[in-house]
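One structure is given here, and the rest of the page talks about it.
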Amino acid sequence: MASDVKKFMRERFLAQVDLELMQALFARSFADGQCPVAFDRETPAVREALRAYFDEPITTWSEGMIADLHRIAELGTNDGLQLILNEARRQGVTLYSERERSADGAPTKFEAKHVALHAYLKHPQVFEAAADFLALRAPSAMADTSRTNS
């Protein structure tokens, strides 16, 4: 399970992720002001600090960060992207403002991992509904056991 989160936080993702979203994610886990990444520095320095934090063993990461990343990683797939988009459409929610859609780097920000992070932080009602639907689609352990015992 830890390897899933490590895979999610790969170098490419960290090189392209919206730093405002990462700052918001860190703020959730480090509300006491002890954030290990100084987001008020130049972009390359912030990205390097993020890489350094996520290169550490996962056991050194904040427990809240690990929990958040597990949830985001579950929907940070192509299937998860479709669930988020479908749920946003169903709820009539515009995930990205006109300004966000026209900003630089738009193709990257619409990849599954980035959309999942964005929805988790900015549209939690959409994220939660998509996560619930994903959980409903997953086969339960009891269903798997009953098929093998038949």
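What follows draws every value from the coordinates through simple rules; no lab data is involved. Only a predicted model underlies this, so the values are computations on that prediction, with no experimental measurement involved.
Miscellaneous remarks
- Taking the longest Cα principal axis of the chain as reference, the axis of helix 63-75 is set at about 60 degrees.
- Angle of helix 78-91 to the longest C-alpha principal axis of the chain, folded into 0 to 90 degrees and rounded to 10: 90°.
- Relative to the longest principal axis of the Cα atoms of the chain, the long axis of helix 19-29 lies at roughly 70 degrees.
- Within the set (1) 10.7; (2) 8.6; (3) 9.6, the number that mean projected area of the Cα convex hull in nm² takes when calculated for this structure is listed as (1).
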